[in-house]
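The values are calculated or read from the model by the stated rules, or taken from the named source; none is laboratory data. Nothing here was measured: the structure is a model prediction, and the numbers come from that model. Every residue, glycine among them, receives a Cβ derived from its backbone with ideal geometry; neighbour counts consider all protein chains shown.
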Amino acid sequence: MAHKNIIALTGGIGSGKSAAADFFKQLGVEVIDTDQIARDLVAPGQPALQAIANHLGKDILTAEATLNRRKLREIIFADPKHKEWLESMLHPLINAETRRQVTQTASLYCIVAIPLLVESHYPQKDLSIYNRVLMVDIDEELQLQRTSQRDQSPTEHIQQIIKLQAKRNQRLAIADDVIVNNAGLDALQQQVEILHQFYIDQFSAQKQAEKGA
């Protein structure tokens, strides 16, 4: 992904990553969503979906031959070995498609939304491809409340997901920029606009310096 200005956008479940990404889009920034890439890779007819069915059995598919995501989550929670297998199969495909999409971007910089940036399948050595890491941060109580309302899921289930994700201090440790999303959408949008101007100034100056070199 050389010669591209790339911001990695990350944060825990329910932190407001998608809302932040949407605000960047409104400002003309191209956003690549790795969650969407992952969903596309396991769509009906895709080789990755067939591989999952071969590994876990045809019961992992719905009557419409789509991936039964709820059942897959249950299997992953119950057996870490299945989680490791799934990640080792999917993540190289996700990375390759992400890189391909980045090369197609035309905006001064682009956002790559990666919820699980800190987790083991995105090791520290891979962070060098990003110019900056932006974390959307949120208080845990609000995180539980918002996610439970959004997904209509019990708090215990959300807490289980949070435990499987990286700790807040691990994300903060690699973040160059932090958006605190405790005060609602208006405050979130304002922070995005401030950061957008900062990125524009930084990358524009960098571009001018490269031309003058």
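Summary table below
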| item | result |
| --- | --- |
| Criterion (modelled with pLDDT under 90, outside any helix (DSSP H, G or I), exposed (fewer than 14 other Cβ atoms within 10 Å of the Cβ) and among the polar types (S, T, N, Q)) met by exactly one of SER120, SER128 | SER120 |
| Cross-chain or 6+ apart pairs with Cβ under 8 Å, segment 126-147 first and more than 11 Å from ARG171 (Cβ to Cβ), then in a loop (DSSP other than H, G, I, E, B) and among the β-branched types (Val, Ile, Thr) | GLN143/ILE13; ARG146/ILE138; THR147/ILE13 |
| Residue list for segment 45-74, restricted to those being of a type in the set (Val, Ile, Thr) and surrounded by 16 or more Cβ atoms within 10 Å (Cβ to Cβ) | ILE52, ILE60 |
| Test result for ASP139, outside the structural domain of ARG70 (by TED's automatic domain parsing) and modelled with pLDDT of 95 or more | no |
| Residues located in segment 188-213, provided they are over 19 Å from ILE6 (Cα atoms) and at pLDDT below 95 | LYS211, GLY212, ALA213 |
| Which numbered condition THR105 fails, given (1) assigned to a helix (DSSP H, G or I); (2) buried (at least 16 other Cβ atoms within 10 Å of the Cβ) | (1) |
| Listing of helices (runs of 4 or more DSSP H) fully contained in segment 15-81 that carry 2 or more residues being within 21 Å of THR105 (Cα to Cα) | 17-26, 34-41 |
